[in-house]
Structure formats: structure tokens, C-alpha cells
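Input: a single structure, listed below in C-alpha cells.
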Amino acid sequence: MNAQRAQEIADSPVMVNVTYNGMPIYIQHVDEGDETARIYPLDQPENEQEVSLNSLTEH
């Protein structure tokens with residue numbers, strides 16, 4: 001996923017179907033410089049992690 005699209009999703013009030021390793025996630029923050037995103041699984045909001053934007057898939 002490119003940084004601009006990830007930022008649009010993070011800023012959107014509408015929930016977008018995005019997965020990380022097949023798991024539905026929520027994007028909290030996008031770091032365009034590092035091309036990473038802070039995410040968490042929808043069913044585990046306490047499990048935050050920093051991942052590469054390339055590992056995120058929009059469905």
C-alpha cells in the first residue's frame with residue numbers, strides 16, 4: 001500500500017477493510033518518511049505494532 005492511501009484510510013471516519021498477514025487491522029498512524037504504519041488487529045486493540053506499508057493490503 002502506498003503512503004498516501006494509508007494516510008487517507010487512517011484519516012477517514014469510514015472503516016476500510018485492510019489486512020496485515022491476513023488479519024483485519026486498524027491503521028492508527030502513518031509515517032510517510034519511514035513508509036511504516038502503527039496498526040492493531042481489530043480484535044486486539046492492545047496489540048499495537050509498527051509495520052511496513054508494503055505489508056498492508058486493502059480489500
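The values are calculated or read from the model by the stated rules, or taken from the named source; none is laboratory data. Please read these numbers as outputs of a predicted model, since none were measured by experiment. Cβ atoms come from the backbone with ideal geometry, glycine included; neighbour counts cover every protein chain shown. Protein only, heavy atoms only, side chains kept; ligands, DNA and RNA dropped before computing areas. Shrake-Rupley method; radii C 1.70, N 1.55, O 1.52, S 1.80 Å.
Numbers below:
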quantity: Contact order relative to length of the chain, as percent, for alpha carbon pairs under 8 angstrom and 6 or more apart; calculated: 37 percent
quantity: TYR26/ALA3 FRET efficiency (R0 30 Å; Cβ-Cβ; nearest 0.05); calculated: 0.95
quantity: Net +/- balance of residues flanking GLU50 in space, Cβ distance below 9 Å, scoring K and R +1, D and E -1; calculated: -2
quantity: Net +/- balance of residues flanking ASP31 in space, Cβ distance below 10 Å, scoring K and R +1, D and E -1; calculated: -3
quantity: Apportionment of accessible area to carbon and sulfur, the chain, percent (1.4 Å); calculated: 43 percent
quantity: Cα-derived Rg to Rh of the chain, Kirkwood definition; calculated: 0.91
quantity: Heavy-atom accessible area per residue - the chain, 1.4 Å, Å²; calculated: 62 Å²
